[in-house]
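The values are calculated or read from the model by the stated rules, or taken from the named source; none is laboratory data. Fair warning: this is a prediction, and the values are worked out from it, not measured in the lab. Every residue, glycine as well, gets a Cβ built from its backbone with ideal geometry; the counts of neighbours run over all protein chains shown.
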Amino acid sequence: MTAELVVGPTTNGHSANGQYPEGRGVADTLPSGYLRYLPAIYWDDPFVGRFLRIFEDILSPLQGTVTRRSQQFDASLAPPAMLQFLATWVGADELGEFPETQVRRLVKNAVLLHQLRGTKRGLRLALEVVTNKRPYITEYSPGLVLGEDAVLGLNTSLQVGQPLQVHIVFDCPESEVNTALVHDIIRRYKPAGTVYTVSFVT
């Protein structure tokens, strides 16, 4: 099959009577935007305008991919397939399957979580990311202490605590969180050598 190029009284894809060829719309007959890179003498040439559309249609998707390259590595914007790939880079895939929103949060906070591993702040952040619940974490302290993580009526006690012991309380029923995942996260991010307890408010 051969295609015949008809050169006649046309203007940017219009026929002489002002109608578009059958089966073609306005977008198909517009001249290429690449004309602006040529000398002005070519701008009104309908053949050159249509001819450059071939290259524009091929290169525009590639250019779009390159332009959006930074988005591929942004946990907030990456498509799901790329997000799972990014999760393998930072070890977030080792924690199991999560909804996409939580995976994005894990990947986004992965570097900070690695830096804070073994600290109270890191443990709290990891638990918040995977459970969407705020944990109250208290360590050994003599007497009754109230503060950000010691809430009267929730997890305060007059009993003397034990060194190297961490208490974690969730202000929600146990059924609202994945307890197996909670214990896994605590073992990963708690300070080395400490023991812990977990309780829930019913």
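Screening the candidates VAL160, VAL198, VAL145 for the property of being over 25 Å from the mean Cα position of the chain (by Cα), more than 18 Å from ARG105 (Cβ to Cβ), surrounded by 12 or more Cβ atoms within 10 Å (Cβ to Cβ) and modelled with pLDDT under 85 yields one hit, VAL145.
Entry remark, segment 163-195: residues being at pLDDT below 85 and polar (S, T, N, Q) number 1 in total. Taken over segment 165-202, residues that are under 15 Å from GLY118 (Cβ atoms) and free of Cβ contacts under 8 Å to residues at least 12 places away in the same chain amount to 1. I need the full set of residues from segment 123-136 which are in contact with a strand residue (DSSP E or B) (Cβ under 7 Å, 6 or more places away or on another chain) and buried (at least 21 other Cβ atoms within 10 Å of the Cβ), in order please. Passing the criteria: LEU123, LEU127, PRO135. Just one of the listed residues (GLY96, GLY122) is at negative phi and either in contact with a Phe, Trp or Tyr (Cβ under 9 Å, 6 or more places away or on another chain) or of a type in the set (Gly, Ala, Ser) (or both), and it is GLY122.
When GLY8 is tested against (1) outside any helix (DSSP H, G or I); (2) at pLDDT 80 or above, only condition (2) is not met. Taking segment 51-97 as the range and being in contact with a Leu (Cβ under 9 Å, 6 or more places away or on another chain) and either more than 17 Å from ASN109 (Cα to Cα) or polar (S, T, N, Q) (or both) as the test, the residues that pass are LEU52, ARG53, ARG68, SER70, GLN71, GLN72.
For segment 73-85, which positions are of a type in the set (Gly, Ala, Ser) and either surrounded by 10 or more Cβ atoms within 10 Å (Cβ to Cβ) or closer than 22 Å to LEU181 by Cβ (or both)? Give the derivation first.
Looking only at segment 73-85, we keep the residues that are of a type in the set (Gly, Ala, Ser), and these are 75-76, 78, 81.
ALA75, SER76, ALA78, listed by residue number.
A count restricted to segment 86-107 and to residues that are crowded, with 17+ Cβ neighbours inside 10 Å and among the charged types (D, E, K, R) stands at 3.
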